[in-house]
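The values are calculated or read from the model by the stated rules, or taken from the named source; none is laboratory data. Remember, it's a predicted structure, so these values are computed and weren't measured experimentally. Neighbour counts run over all protein chains shown; Cβ positions are idealised from the backbone, glycine included.
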Amino acid sequence: MKNIPVCLSLLCLLLSFQQTANAAESEKERLAELDAYWAEVSRAVKEGDFEGYKATCHEQGVLVSGSKRTSYPLSKALARWKKDFAATKAGEIKAKVEFRFSQRFSDETTAHETGIFLYSFTDPEGRWKQEHVHFQALLLKGKDGWKIMMEYQESKATKGEWDALAAKSKK
């Protein structure tokens with residue numbers, strides 16, 4: 001009879017370890033999905049694939065600009081950016097975007113990601129320009145995958161901050 005409480009305790013401990021292992025595996029899979037999402041965003045920018053980029057955005061998405069102190073539908077930003085996608089696709093300019101994260105929270109259907117993105121592009125003379133931007137993204141997962149619901153471009157970031165995130169992710 002004295003062994004029953006010990007056996008029950010061991011059973012609870014084993015179940016707890018199993019739940020922790022399952023949660024860790026689920027988190028690993030979710031991060032892989034989110035990494036694939038950001039890779040698709042990067043691909044679409046680099047190739048000038050406007051429709052591909054638009055497909056990563058929620059139809060009711062919002063863009064928030066900290067530097068301009070504004071908030072407006074992402075559809076308005078997409079309309080403004082469309083000419084840059086067309087110029088990239090036509091080979092008139094080159095563009096690319098990379099992402100590094102300082103914080104990533106998620107569950108099965110929501111994600112909040114914080115970090116810096118580096119948008120690089122050529123000017124009309126073919127010189128590369130770079131913009132480092134602190135950002136937050138709120139994503140929702142639906143039947144057709146992850147979509148950005150809110151992109152908050154907080155403020156300019158420095159190359160030093162960008163490099164620090166690379167060092168942090170290697171740890």
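Residues checked against (1) closer than 20 Å to LYS94 by Cβ; (2) touching an Asp or Glu at 6+ places or on another chain (Cβ under 7 Å):
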position	(1), (2)
PHE121	yes, no
VAL133	yes, no
GLN136	no, yes
MET150	no, no
ALA157	no, no
- Query: Is there any pair with a first residue in region 60-81 that is more than 18 Å from GLY48 (Cα to Cα) and in contact (Cβ under 8 Å) with a residue 40 or more places away in the chain and a second that is β-branched (Val, Ile, Thr) and surrounded by 16 or more Cβ atoms within 10 Å (Cβ to Cβ) whose Cβ atoms are under 8 Å apart and which are 6 or more apart or on different chains, and what are they?
  - Reply: GLY61/ILE148
- Message: If GLY91 meets every condition in (1) out of contact with any helix residue (DSSP H, G or I) (no Cβ under 6 Å at 6 or more places or on another chain); (2) over 20 Å from TRP38 (Cα atoms); (3) touching a residue at least 12 places away in the same chain (Cβ under 8 Å) apart from one, which number is that one?
- Response: (3)
- Item | Selected residue (criterion: farthest from the chain's Cα centre (by Cα)) from residues of region 126-171 that are of a type in the set (Lys, Arg) and in a loop (DSSP other than H, G, I, E, B) | ARG127
- at pLDDT below 95 and in contact with a Phe, Trp or Tyr (Cβ under 9 Å, 6 or more places away or on another chain), is that true of THR122? yes
- Message: Contact list please: Cβ distance under 9 Å, first residue in region 131-142 and within 21 Å of LYS159 (Cβ to Cβ), second residue modelled with pLDDT under 95 and surrounded by 19 or more Cβ atoms within 10 Å (Cβ to Cβ), pairs at least six apart or on different chains.
- Response: none
- Item | Residue count, region 157-171 (criterion: of a type in the set (A, V, I, L, M, F, W, C), within 12 Å of PHE99 (Cα to Cα) and modelled with pLDDT of 90 or more) | 2
- Take the residues of region 70-101 that are of a type outside the set (Gly, Ala, Ser) and part of a loop (DSSP other than H, G, I, E, B): which is surrounded by the fewest Cβ atoms within 10 Å (Cβ to Cβ)? GLU92
- Query: Within the set of pairs 6 or more residues apart or between chains, which connect a residue that is under 13 Å from LEU34 (Cα atoms) and outside any loop (DSSP other than H, G, I, E, B) inside region 102-125 to a residue that is at pLDDT below 95 and among the basic types (Lys, Arg) with Cβ atoms less than 6 Å apart?
  - Reply: SER106/ARG30
- Could you grab me the full set of residues in region 43-65 that are of a type outside the set (A, V, I, L, M, F, W, C) and crowded, with 16+ Cβ neighbours inside 10 Å? GLY48, ASP49, TYR53, LYS54, THR56, HIS58, GLY61, SER65
